[in-house]
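All remarks here apply to the structure that follows.
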Amino acid sequence: MSDNDNIRIQDEEIEALSAIYGDDWVIVDSDSKKYGIKVADENSANMIFMEVSFPPDYPKTSPPQYILSAPWLRREERISLEDALADIYCANIGESVIFLWVEKIREFLQEKSEMKVETKPDVASPEKVEEKSEGEEDWSEDSFAKIQEELIKRSHSTEQEETKEEVTCPDIHHGESFMDRKSVFQGHIAAISHTKQVKLVLDSLCQSKKIAMATHNIYAYRIIQNDQSDVYYQGCEDDGETQAGSRMLHLMQIVDARNVIVVVTRWYGGVHLGPDRFKHINNCARQLLDDHGYIKSKVSKNQYYINSYRKLKFHQSTVLSTI
C-alpha cells in the first residue's frame with residue numbers, strides 16, 4: 001500500500017465518519033488531520049471526548065493516535081478501555097479502525113450506564129462488572145472492511161425478478177439546496193421496493209429541465225427483498241463525479257439504509273471544490289436519510305455489525321466444514 005493509498009483511505013474514512021456522526025464529529029485541525037468526536041451512551045448520561053489524529057502511514061503500519069478526555073473515568077476503567085481499543089487495532093491491522101473504536105467506547109458507556117441502574121447504590125456486584133454484553137467478544141474482533149466486502153459480494157446490482165404487483169414511481173421528496181463557491185447541491189429521496197423504480201425516479205426527476213441540465217445527478221440505492229437481511233439489490237452511479245456514487249452507497253451501507261434511493265444533484269459553479277464536493281454530496285444524502293427515518297440509532301447500527309459479523313463467521317465455518 002503506497003502513501004497515496006493511505007491518504008485516500010484516510011480521506012474516505014474521515015468523510016464517512018463526518019457523515020455518520022454529524023455534529024458529534026469536530027474538526028480540530030484539518031491541515032494536520034486532527035479531529036474530535038463526542039461519544040455518549042444511549043441516554044447521554046456519560047460522555048467521552050476522543051481526539052484522534054492520522055499519522056502518514058495509517059492504516060498501513062501505524063494506528064491512529066488518540067487522547068481520551070473523561071475526568072470522571074477511574075484509572076482502572078481507562079486502562080480497561082484503552083486495552084480494548086488496542087485489541088481492536090491488533091485484530092484489524094492495515095484496516096480503518098476509528099468507527100470500531102467509537103462504537104466500542106459507546107458500548108463501554110452503555111454497559112456502565114446499565115450497570116448503574118442494575119446495581120444497588122451501596123452494594124457492588126462483581127458479577128455485573130465482569131459480565132460481558134451479548135456479542136462483545138465478536139465485536140472486539142470485528143473487521144469492518146471484511147464485513148463490507150462480504151455484504152457487497154452477496155448483493156446484486158442486477159434487476160430483481162418480475163413482480164405481479166404494478167411497479168409505479170414513488171413519491172419523491174426534495175431536500176434543501178446548498179451552495180458552496182457557486183456550486184449548488186440538492187438531494188432527493190424516495191422509498192422503493194423494486195429496481196425498476198430506480199429508472200422511474202430518475203425519469204421523474206429529469207422532467208425538471210433544471211435537474212436534467214445539472215452537471216451531475218449522482219445516485220445510490222439499496223433494496224432488501226422479502227425482508228431477508230442478507231439479500232440485497234443495490235447500485236450506484238457517479239454521473240461523471242468519479243467515486244461519488246460509490247461513496248454514497250458506502251454511507252448507505254454503514255447506516256443500513258433499506259428500500260430507498262437517494263439522488264444528489266450538483267450544478268457546477270465554475271470553481272473546483274476538491275474533496276469538499278464529496279463531503280457536501282454525502283452530507284446531503286445523510287440529512288435526507290436521517291430526516292426520513294432511514295438511519296437507525298447508533299446502538300442499533302452497532303448490533304447490526306455484530307450480527308453481520310456472526311453471519312460471516314457462520315458462513316465461513318460452514319464452508320470449512322464442507323471441505
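The values are calculated or read from the model by the stated rules, or taken from the named source; none is laboratory data. As the structure is a prediction and not an experimental result, all values here were calculated from the model. Here the Cβ is made from the backbone with ideal geometry for all residues, glycine too, and neighbour counts use every protein chain on show.
Can you give me the number of residues within the range 181-206 that are of a type in the set (A, V, I, L, M, F, W, C) and assigned to a strand (DSSP E or B)? First the steps, then the outcome.
Of the range 181-206, the ones of a type in the set (A, V, I, L, M, F, W, C) are 184-185, 189-192, 198, 200-202, 205-206.
Among the residues that remain, those that are also assigned to a strand (DSSP E or B) are: 184-185, 189-191.
Count: 5.
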What about Glu51, is it surrounded by fewer than 20 Cβ atoms within 10 Å (Cβ to Cβ), out of contact with any Cys (no Cβ under 9 Å at 6 or more places or on another chain) and without any contact (Cβ under 8 Å) to a residue 40 or more places away in the chain? yes
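Has the range 7-27 got any residue that is hydroxyl-bearing (Ser, Thr, Tyr) and free of Cβ contacts under 8 Å to residues at least 40 places away in the same chain?
Quick first cut of the range 7-27, residues hydroxyl-bearing (Ser, Thr, Tyr) only: 18, 21.
Now restrict to residues that are free of Cβ contacts under 8 Å to residues at least 40 places away in the same chain: none.
Scanning the range 7-27 turns up no residue that is hydroxyl-bearing (Ser, Thr, Tyr) and free of Cβ contacts under 8 Å to residues at least 40 places away in the same chain.
Looking at Ile281, is it aliphatic (A, V, I, L, M), out of contact with any Leu (no Cβ under 7 Å at 6 or more places or on another chain), over 18 Å from His174 (Cα atoms) and modelled with pLDDT of 80 or more? Steps first, answer last, please.
Details: aliphatic (A, V, I, L, M): yes; out of contact with any Leu (no Cβ under 7 Å at 6 or more places or on another chain): yes; over 18 Å from His174 (Cα atoms): no; modelled with pLDDT of 80 or more: yes.
So Ile281 does not fit the description; no.
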Test Ser69 against the stated conditions and say whether it is loosely packed, with under 15 Cβ neighbours inside 10 Å and modelled with pLDDT under 85. no
Condition check for Asp227: at pLDDT 85 or above and more than 16 Å from Ala19 (Cα to Cα): no
Mind checking which residues of the range 177-209 are in contact (Cβ under 8 Å) with a residue 24 or more places away in the chain, farther than 19 Å from Tyr233 by Cα and surrounded by fewer than 18 Cβ atoms within 10 Å (Cβ to Cβ)? Phe178, Met179, Asp180, Arg181, Lys182, Val184, Asp203, Ser204
